[in-house]
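Reviewing the structure listed below.
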């Protein structure tokens, strides 16, 4: 991993300074000199892939001041995993884990090292458990289970999973409506340097644009098993749960001069409290955008919302948004979560 080759010299220099009394801690609090991760210990935030039935091994090493006895531990050991240590300063530990089918998904491992009352900051490592140990893996399926996550901070989306690749979009932590920016997670990739990248659909034109962002810019992954399909020809919408229809309703879509765009999108926000009754009781915002109303406030995003004119439904009646009767969208609200993929055909 990058940055590891400088750890050992730093640890030796620190140990020498401690022995000479240059870095000795004051007596107050009983603190000893700092404990350092070194050797083959992965960098903070590194990620690994593990396939079912295949052992994953992570080596760690830590050292403290001269004469100290250091111990390495983990906050929560996954079922079936082991952490075996040898030595005391430096101490070496081997984390071994052969995941099972019940352990598919993304895991966060927090390791620590301590000597007396001195403890390192937790070392956070991530593991993606898949059916195979490939470095590129699917995170979502629009027809099956999908995953989403809140964007924790402003970040750049790249054309490829590499910091040196072209920046295709800059994403903010809040949407134009000032609510948390939820992203649909399409594909994951862990590169040879242990960096975890996620491919996401972008809220830009042309619709369908994708980009890669770093995993550490995202919060916890959330799974959903619903899929909303909007049929512009039949003026109908259907919500599927695990492939089974659980909701149907008539809709209004865009007029021919302001068409509702076709494509694959997702629900990225839920909005209420409108002063204009045209939006009804609530609205869902998608990442899809109108290709003709680009000068609208916020960029002309396609919404799915209620209406104060239920008599005009079904029909081609909007500027591109999808309208439902208020009773129908309240029912939809009880069944559909943010992050749900949306297919407009």
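Bear in mind that the values in this text are calculations on the coordinates, not laboratory data. This structure is a prediction, so every number in the text was calculated from the model and none was measured. Cβ: placed from backbone, ideal geometry, glycine included. Neighbour counts: every protein chain shown.
Observations
- Taking the convex hull of Cα positions in segment 136-223, its mean projected area over all directions (nm²): 5.9 nm²
- GNM flexibility winner over the chain from 132, 41, 275 (Cα, springs under 10 Å): 275
- Rounded to the nearest 500, the 222 nm mean residue ellipticity of the chain from helices alone is -2000 deg cm²/dmol, with -39,500 (n - 2.57) taken per DSSP H run of at least 4 residues.
- Dividing the mean sequence gap of close Cα pairs (under 8 Å, 6+ apart) by how many residues the chain holds gives a relative contact order of 13 percent.
- Note on residue 275 and residue 331: their simple-model spin labels are 3.3 nm apart, each label 7 Å out from Cα toward Cβ.
- One Cα centroid belongs to segment 216-242, the other to segment 121-180; the line between them spans 18 Å.
- Beta bridges assigned by DSSP with both partners in the chain are antiparallel in approximately 85 percent of cases.
- Within the listed set 89, 318, 164, the Gaussian network model of the chain (springs between alpha-carbon atoms below 10 Å) gives the highest mean-square fluctuation for 164.
- The ranking of 48, 240 from fewest to most other beta carbons within 10 Å of each one's beta carbon is 240, 48.
- Against the chain, whose longest principal axis is taken from its Cα atoms, helix 7-19 shows a tilt of about 50°.
- P(r) weight above 34 Å for the chain, C-alpha pairs, percent: 41 percent
- When the convex hull of its Cα atoms is viewed from all sides, segment 179-331 shows a mean projected area of 10.3 nm².
- Using a Förster distance of 22 Å, the FRET efficiency for residue 234-residue 145 (Cβ separation, nearest 0.05): 0.25
- The smallest convex shape that holds all Cα atoms of segment 260-345, its convex hull, gives 96 Å³ per residue.
- Fewest-first ordering of 196, 184 by other beta carbons within 10 Å of each residue's beta carbon gives 196, 184.
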